[in-house]
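Have a look at the structure below before the remarks.
The values are calculated or read from the model by the stated rules, or taken from the named source; none is laboratory data. This structure is a prediction, so every number in the text was calculated from the model and none was measured. Positions of Cβ are backbone-derived with ideal geometry, glycine not excepted, and every protein chain shown enters the neighbour counts.
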Amino acid sequence: MRRFGAGTEYFGRITQLVRVSPSHGGSQRFESSYAHFKVIQDKFIFWSRVCVFLCLGAFEARKQQIGLEKIVPDISVKDQLKKIIDLQKIDAEIYVLQLQLKEKPALMEKMKEEFEALKGRLKGLEEKMKAAQVNRMEKELELKAKEDEISKSNAQLSQIKTNKEYTAKIAEIEHIKADKSVIEERILLSFDETDRINGEVEKEKLKVAEEEKKYLEKKKVSEGDVRIIEDRIKVLDSQHHQAIEGIAPEFLSRYERILRHKEGLAIVPVQGSTCGGCFMNVTPQMINAIKMNDQLVECEMCSRILYIEDNL
């Protein structure tokens, strides 16, 4: 543009020289020269304007192609950093709450498994108790059968005629009585066993009842916590949408990309000469670049956006 303006000024001066020089060859000669230069000047101005028009058109087309029309012309990086820092505070809390939402069901599932295992132990003891009772009943039936055998053998004694048969029957009865004694002893042991198992069952029932009460209370508290967290996240989501309104799209997309890959922490302060995210060293050149506030500077190690609090 300056060159076109200089060219126009140059032809304007020539024209003035032609107009003010009437002597050197006659007025007609000068008039002819003046007309000639006037034509050249008009053509130069015309084509200069054409070139300017074409250049502006090409610039507008290129600007639309690369999306420059979306960029804020007088953007303040410092203001953008402040807004991103405020947004980060909101997103960091959202990230922590979302982690808690994921952890709550896992904790409740673990508590449920522990409670179900306790109930399973009680059920096992109850099954063992039933088996002991069934075994005792079988022994009692066996004892009854031995007693019936003894009664029957005693009744047969009166019908025996020889001493040899009588002696054999007495020996048989004594053998049955010995078996009966063994069965009676086993029945007594089974009573002790069932009493012991029954004591364990009663203790386990009390423990299960107590643990069930604790489990239900913790479950109720956990469900209440989940509702509180969900309500808080809704509030923070609303604040998030309000906070992003003042952030330039190119800065916002860059921030969100880092946020997704860095566990909810995309922008951190420089602490002394170290990154507040990965705690690695930040070079003096990078610190100077951060202080200039003319671009977003990322940590070379963790790729988080860096800022200096005093500089804002």
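Here are the numbers:
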item	result
Residue within region 260-281 that is part of a helix (DSSP H, G or I) and surrounded by 14 or more Cβ atoms within 10 Å (Cβ to Cβ) present	no
Residue among Lys262, Lys291 that alone is under 18 Å from Ile90 (Cα atoms) and of a type in the set (Lys, Arg)	Lys262
Test: residue in region 195-210 that is under 30 Å from Asp86 (Cα atoms), of a type in the set (Val, Ile, Thr) and surrounded by 12 or more Cβ atoms within 10 Å (Cβ to Cβ)	no
Verdict on Gly124 being loosely packed, with under 14 Cβ neighbours inside 10 Å, modelled with pLDDT of 60 or more and either charged (D, E, K, R) or assigned to a helix (DSSP H, G or I) (or both)	yes
Complete set of residues in region 236-254 that are touching a residue at least 24 places away in the same chain (Cβ under 8 Å) and either surrounded by fewer than 12 Cβ atoms within 10 Å (Cβ to Cβ) or acidic (Asp, Glu) (or both)	Asp237, Glu250
Which listed residue, of Met108, Met137, is among the hydrophobic types (A, V, I, L, M, F, W, C) and modelled with pLDDT under 90	Met108
Residues that are in a loop (DSSP other than H, G, I, E, B) and either out of contact with any helix residue (DSSP H, G or I) (no Cβ under 6 Å at 6 or more places or on another chain) or modelled with pLDDT of 95 or more (or both), drawn from region 282-293	Val282, Thr283
